[in-house]
Amino acid sequence: MSVQSRSYRDIGVGRWGPLSFLSTAVLAAVVVVGAVAYSRQFIHGEIVTGLRDWGTAGGAPWGLYISFVVYFIGVSFAGISIAALVRLLRITALEPVTRMAELLTIVSLVLGAFSVLADLGQPLRGITNLFRYARPQSPFFGTFSLVMAGYLFASLVYFYLAGRRDAYLMAQQPSRLQAFYRWWAAGYRDSAAERARHERTSFLLAVAILPLLVTAHSTLGLVFGLMGGRPGWFSALQAPGFVVLAGVSGLGHIAVLAALVRWFIPEARERIGVPTFRLLGIFTMVLGMVYLYFTLIEVLTAGYAGHAQEQELVRLLLLGTYAPYFWGGIVALALAVGLGLAQGLRGRWSIGAVVAMGILVNIAAIAKRLIIVTPSLTHGSLLPYEDGVYVPTWVEVAIIIGLMSLGALVILVFSKLFPVVPLDSEPTS
Amino acid sequence: MSTRAIVAGCLALAGFTLGMVAYFVLAAPWGFPPDSVAHSNPRVPFAPAIFVLGVMMVFIAAIVYELWPGNGDRR
C-alpha cells in the first residue's frame, strides 16, 4: 500500500485509544502537580528548595534544576544532529526517526529553558536583564540565549520546513485539522521544483546547524570548564565531554521514543525496524566508549596530579558521599556499552536491547549531570569554608518530574496531530 | 539568479551582519580588566537581543527561500 493511499489514522494521527487517553491523563496530572510545586516556589521563594549559598551558608546554589538544564539541553543534541546527518550523509535507515528526533530536540530545549527559569528566583527579571545587559561573548549568554534563541529557532525552522510535504499530503484527506495542515503546507504542492528547493535548503540548514549545536554544547561545558577557582569543574575536557555525553543521552532517548512509537502505532513497525535501532545502538555504543575514556582520563589527571581540593573531590566521587552517583553512572554506561558490544559481536541487534541501552545511558547521563553540578559547590571551595550539603526538596523533584511529563505530553499530543514518522520514508525492514 | 534566492541571500547576509555588529560593536567591549564597568555594560542597551535577532534572521532566510512565491511550483 502506498503512503499516499493510506488513511491518516493508519499512522496514529487522530486515533485516540484508551491507552492514549490514560497516558494523557496521567501525564497531565503530573504536570499539574509540577505547576503547583512551582507556584509554591514562586510565592515563597527559593527557601522552599534545598538550594542555599555556598561557603558560609553551607549549601549549593545550583542543584537539581541546573543538572537538568544540562541534561535536557544534552538530550536535544542528538535530535537535530541526527536530522542533519541523515540529510548530509543520506543515512536512510535513520530517516524514519528524523521527525521524532527533531521534535525531541525542540521539546528538550524548551524544557531546558523552563529548568533555567525554575532556578531563577525572579524569572522575568532574569530574562529581561539577560537580553539587556549580557555579554554575547560570555558562556552564560551562549548557553541560554544562543542555545534557546539560535539553536531552538534553527530547529523550529528545520522542523517546520521538513514537515511541509507531509502537511500537504495530510491536507489532501478530509479531517478536522485540514485547515491546520494547509497552514503548515503554506502553498506547498510537492512539485519537482519545490522538492529540489527543499533539498537545497535542508542541506544548507544542516551545514549551518551542525557547527551551531557543537558551539552551543561546548559553551555549556565552558560555563563549568572555565571556572578556574572551582575544583572539579576547571578542565579542558568539560566542553568535549558535554558534547559527547549529550550525544549519548540524546541517542538513547531517540531509541526509547522510537520503541514507544512502534508500541503506540503498530503501523509504524514496518518503517522503524531493526536497521534503525542497530544504527542507534552503534552510535550510542561508540560515544559511550568515548565518554568512559574521558571519565578515566579526568579522574586519573585530577586524582593523581590535582591539588589537595581536587584530589579530595575525586575521593568523594570514588569513595565518599557522591560515590553511588558516580559508580551508578559508570556501571550504567558500561552496561550499555557492553550490551552494544555483545550485539555487535553476535552480529544480531535486538530492539529491546537497544532500548535497554537507551535507558541505561540516560540513567548514566542524569547521574553524571548531578555530580558535575553539585559536588564542586558543596566540597570544591578553595577558601577555608566548611563542607556544604545539598538535598533537593519535594518542590524541586516535583517541578523536574512535572517538566519531564510536560515533554512527554507534548510529544504524545503532537503524535495525534501530525505524523511522527515522515510519510515519505522507505520501509527499513 | 532567481528573486527568491536574492531575497533570501540578502536576508541571511543582513542577519549575519547584524549579529556581527551587535557582537563586536554594540555589546560590551573586549578589554582589560574584563570586570570593569567599561568592559561589562553593553554600549547599546539590548545589544544581546539584537545579536539574537541577527541569528534568527539568518534562519528565517531559509523559510523565505522556500515560501517565496514563484513559477514552476505546480505539480
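Summing charges over all other residues whose Cβ lies under 12 Å from the Cβ of A:GLY126, with Lys and Arg as +1 and Asp and Glu as -1, gives +1.
Let me know the charge dipole size of the protein assembly as shown about its Cα centre in debye, to the nearest 20, where only the beta-carbon of Lys, Arg (+1) and Asp, Glu (-1) is charged.
Computed about the Cα centre, the dipole is about 1420 debye.
DSSP loop chymotrypsin sites (Phe, Trp or Tyr not before Pro) in chain B with at most 12 other Cβ atoms within 10 Å of their Cβ, which ones?
Values: sites: B:PHE16, B:TYR23, B:PHE24, B:TRP30, B:PHE46, B:PHE51, B:PHE59, B:TYR65; in loops: B:TRP30, B:PHE46.
In loop regions of chain B (DSSP not H, G, I, E or B), the sparsely surrounded chymotrypsin sites (Phe, Trp or Tyr not before Pro) are B:TRP30.
Tally Lys/Arg at +1 and Asp/Glu at -1 over every other residue whose Cβ is under 9 Å from the Cβ of A:PHE418; what's the total?
On the way: positive: A:ARG99, A:LYS416; negative: A:ASP166.
Once positives and negatives cancel, what remains is +1.
Name the helices (complete DSSP H segments) of chain A with a Cα length along the long axis of 24 Å or more and a Kyte-Doolittle mean of at least 0.0, or state none. Please list the in-between numbers first.
Values: long enough: A:18-44 (39 Å, 1.41); A:64-89 (37 Å, 2.06); A:98-119 (31 Å, 1.42); A:152-171 (26 Å, 0.82); A:192-225 (48 Å, 0.80); A:238-264 (38 Å, 1.45); A:274-305 (45 Å, 1.47); A:323-346 (34 Å, 1.25); A:351-373 (33 Å, 2.16); A:394-417 (34 Å, 2.14).
Those that clear 24 Å and a mean of 0.0 are A:18-44, A:64-89, A:98-119, A:152-171, A:192-225, A:238-264, A:274-305, A:323-346, A:351-373, A:394-417.
Seen from A:ARG40, the other residues with C-beta closer than 12 Å to its C-beta sum to a net charge of -2, counting Lys and Arg as +1 and Asp and Glu as -1. Peptide B:18-28 shows a mean partner chain C-beta count of 2 within 10 Å per residue C-beta. What the Cβ-Cβ distance of A:PHE21 and A:TYR385 gives, at R0 = 51 Å and to the nearest 0.05, is a FRET efficiency of 0.45.
Computed from label points 7 Å out along Cα-Cβ, the spacing between A:ARG269 and A:VAL32 is 3.5 nm.
Available extension along the chain between A:ASN129 and A:PHE180 is 14.7 nm, counting 0.36 nm per residue and deducting the alpha carbon span.
Values in this text are rule-based calculations from the coordinates and carry no lab data. Keep in mind the model is a prediction, meaning the values are calculated, not measured. Please note: Cβ atoms are built from the backbone with ideal geometry, for glycine as well, and neighbour counts cover all protein chains shown.
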